[in-house]
Amino acid sequence: MRAGDFFPRNLDLLATGGRIVHIASLAGREVKLDISLMMRKRAVITGTTLRARPIAEKGRIAQALQSNVWPLFESGRIRPQLERVYPLDQTADAHRALEAGEIAGTVTLRVGGQDQAARMGS
């Protein structure tokens, strides 16, 4: 999740009993929280970062992802949800769109031609 001014929208959209996990704060570190809405939704709100974790722990996380999550991508059972794909030479445009809050999903920079992008599912 992006935090900042996106937080109230994310909480509004959250299903009852849902969970919000923050791993970045691109839209700001402070959020406005309607505590009553959080309680009515029985929401779980948490956050984490890899940056401060020991290297050995990061390695265990990477191994678990490779064993448990990567096969789901390889089989096609799950796919990344890309909001926008920019050619590498439009990186500045991608940054501007992110900074302006025009994009709420994942942005990918495409390296190479259209054939490579088609293989990646974009």
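Throughout, read-outs are computed from the coordinates displayed, never taken from laboratory work. Only a predicted model underlies this, so the values are computations on that prediction, with no experimental measurement involved. Backbone-built Cβ (ideal geometry, glycine too); neighbour counts: all protein chains shown.
A compact table of results
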| item | result |
| --- | --- |
| Length added when fully stretched, Arg51-Ser75, from 0.36 nm per residue minus Cα-Cα | 5.7 nm |
| Cα-centred dipole magnitude for the range 1-48, charges only on beta-carbon of K, R (+1) and D, E (-1), debye, nearest 20 | 140 |
| Estimated dipole of the range 1-113 in Debye, rounded to 20 [Cβ of Lys and Arg +1, of Asp and Glu -1, Cα centre] | 480 |
| Descending semi-axes in whole angstrom, ellipsoid equivalent of the chain, from the Cα gyration tensor | 28, 22, 16 |
| Rg over Rh [alpha-carbon atoms, Kirkwood Rh] for the range 1-48 | 0.93 |
| Normalised contact order of the chain, rounded percent, pairs of Cα under 8 Å and 6 or more residues apart | 20 |
| In nm, spacing of pseudo-spin labels at Arg110 and Thr16 (7 Å Cα→C-beta vector) | 4.3 |
| Residue-averaged [θ]222 nm for the chain, counting only DSSP H segments that reach four residues, each worth -39500 (n - 2.57) | -9500 deg cm²/dmol |
| Angle in degrees between helix 55-64 and the longest Cα principal axis of the chain, rounded to the nearest 10 | 80 |
| Rounded to whole Hz, the Karplus (6.51, -1.76, 1.60) HN-Hα couplings of the range 10-25, x for glycine and proline | 4, 5, 4, 7, 5, 5, 4, x, x, 9, 10, 10, 9, 10, 7, 9 |
| Footprinting exposure proxy for Ile78, Ile45, Ile35 (fewest neighbouring C-beta atoms within 10 Å first) | Ile35, Ile78, Ile45 |
